[in-house]
Structure formats: C-alpha cells, structure tokens
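Trainee: Just dropping this structure here.
The values are calculated or read from the model by the stated rules, or taken from the named source; none is laboratory data. It should be emphasised that the depicted structure is a prediction, and the values quoted were computed from it without experimental measurement. Quick reminder, even Gly has a Cβ in these numbers, built from the backbone with ideal geometry, and neighbours come from all protein chains shown.
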Amino acid sequence: MKRFIQSAIGRLGYNFVNIRKLGWEPWQDVGILLQGVERPVFFDVGAHTGETLAAMALHFPRANFHCFEPDPESFSLLQEMARRFPNARAYPLAMGDHPQMAKLFLNRASMTNSILEVAAESKEGSSAGFFERVGEAAVTVATLDQFCREQGISHIDFLKTDCQGFDLRVLKGASDLLSKRRVHVIQCEGMFDSEYVGQGWFHEILHYLTDMDYAPVALHNPARNERHEIQWADVIFKRRHDP
C-alpha cells in the first residue's frame, strides 16, 4: 500500500519525507542531536537583532542562551529581545581567533555587516545595494575559549555562528573547547563563493572541524545566485561517534 501511495503522489510531483530524520528542518535536527539534554547551553555568535534567539527560545524554552552581537544598533534590538527571556543574556562582543579591538564595517543591510571588507563580487549584481558601506564602528573581539574560561562555562551544547565570512576565525578561537569535545553541535555559515575579502571558505571550515573530530550532518537554507550556484548555506556539524 505504501508503495502504491508513493507511486500515485509521485506522478503529481510530490514525495513522502520522513521528518524524523536529519536534514528536514534545522531546529528539528538540533533537537534530534541534543536528545536527552534537559537544559542545553546555546551560544548565538552573530546574533544580529535576536531572530535566532527567538527561534531557539521557541523550540528550546529550557535552554540557557548567550548571544553576541558587535554592531551597536543591532545589539540594542538584541537586548530588547533578550529581555523577553529570563534565561537569555546578550553581550556587545564580536568573536574571533584572538582578542583585539577591530573595525566593524557597517553596510546598508545590517545582516551583511562584517569585520571583513566586502569582496568585489558582492558589489556587483542585484544584491550589491545590501553591501553598500554606510559607516564603521570600533568593536571588541574576544574568543570563545577566553569567554568560557572567564564565565566559568564548561561546555556548549549548541554553537551557532553567522559572522559574514569570519566564522572560521570564530571556530579557531574555540580550539580548546573543540579539541576537548566540549562543543556538542555546531551550526555555521558556510561560504561557497567570494563574499568578503579574507573570508573563511566552507572547505576550510570542513577541514578544520574534521581535524577536530566533527562531522557534517545537514545543510540548510542555501542561498543561490541567478546561475543556481550555492553562495552560502547553514551547515550543521556534530561530534563524531556521538549518537
């Protein structure tokens, strides 16, 4: 009967999908990978105005959330969002591979703000206006290893990074946590084409995390150009040998 129904709906262009498996929906994937963790610790690096925080709190209301956003204007909105959740804290910090003061380039679309200069390729085409420079801000850059030591945080159950080309440096700033398997699940932005000068490419992130004994398990929300090529996507990794 199942094959008959599958065949029938297949002729209409539809298909059965087992939504209990990885790869269907990001938050469901995280829930599957963190099954049995009652009060997980979530880190949102590049939290923008709190969009991801709102989604995390909806799906994981018992989690503790640490959210990081260096852009002063976006951070103000993130703070407002964080006040809605008693188990959320917001920090006006960027994360990287070493502590420093840095310059954050502010663009027309705030979600494209980055410590990295916009690449020439991003200044062309239909989305060029999003990357138009509108200002700069001096920001404090910390590392995840440093932050966790100072805050007495022993582990991270879910680490999300969305840092506009800076994700590899964020992950390198967590080398101690990663090498000691103190990060359970990672979702990072993987870059497949040139968006920022000096960006970390997906293949570099894959190589780095593979060396740290993490494995990719799902890819979500791919952005494509007019030639159907993937520009970036959210990639989920887990520790090898975990269920």
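Trainee: Of everything in the stretch 117-150 that's more than 16 Å from residue 94 (Cα to Cα) and among the polar types (S, T, N, Q), which residue is modelled with the lowest pLDDT?
Mentor: Out of the qualifying residues, it is 126.
Trainee: Looking at the stretch 59-89, which of its residues are over 16 Å from the mean Cα position of the chain (by Cα) and part of a strand (DSSP E or B)?
Mentor: Within the stretch 59-89, 64, 88, 89 meet the criteria.
Trainee: Also: Which numbered condition trips up residue 223, out of (1) free of Cβ contacts under 8 Å to residues at least 12 places away in the same chain; (2) not in a strand (DSSP E or B)?
Mentor: Residue 223 satisfies every listed condition except (2).
Trainee: Turning to a different aspect of this structure: Take the stretch 29-58 and flag every residue that is in a helix (DSSP H, G or I) and over 21 Å from residue 85 (Cα atoms).
Mentor: 29, 32, 33
Trainee: Let me ask something else. Report yes if some residue within the stretch 153-160 is under 24 Å from residue 220 (Cα atoms), touching an Asp or Glu at 6+ places or on another chain (Cβ under 7 Å) and not basic (Lys, Arg); otherwise report no.
Mentor: No, the conditions are met nowhere in the stretch 153-160.
Trainee: Restricting the search to the stretch 120-159, which residues are surrounded by fewer than 18 Cβ atoms within 10 Å (Cβ to Cβ) and in a loop (DSSP other than H, G, I, E, B)?
Mentor: Passing the criteria: 124, 125, 126, 127, 132, 152, 153, 154, 155.
Trainee: Restricting the stretch 94-119 to residues that are among the charged types (D, E, K, R) and in a loop (DSSP other than H, G, I, E, B), which is farthest from residue 176 (Cα to Cα)?
Mentor: Selected residue: 108.
Residue-by-condition table, conditions (1) under 22 Å from residue 166 (Cα atoms); (2) surrounded by 20 or more Cβ atoms within 10 Å (Cβ to Cβ); (3) touching a residue at least 40 places away in the same chain (Cβ under 8 Å):
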| site | (1), (2), (3) |
| --- | --- |
| 51 | yes, no, no |
| 57 | no, yes, no |
| 65 | yes, yes, no |
| 69 | yes, yes, no |
| 72 | yes, no, yes |
| 75 | yes, yes, no |
| 78 | yes, yes, no |
| 82 | no, yes, no |
| 85 | no, no, no |
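Trainee: Just wondering, is there one or more residues in the stretch 179-189 that are buried (at least 17 other Cβ atoms within 10 Å of the Cβ), of a type in the set (A, V, I, L, M) and closer than 15 Å to residue 143 by Cβ?
Mentor: Yes - at least one qualifying residue is present in the stretch 179-189.
Trainee: Are any residues in the stretch 203-243 more than 21 Å from residue 27 (Cα to Cα) and among the hydroxyl-bearing types (Ser, Thr, Tyr), and if so, which ones?
Mentor: 208, 210
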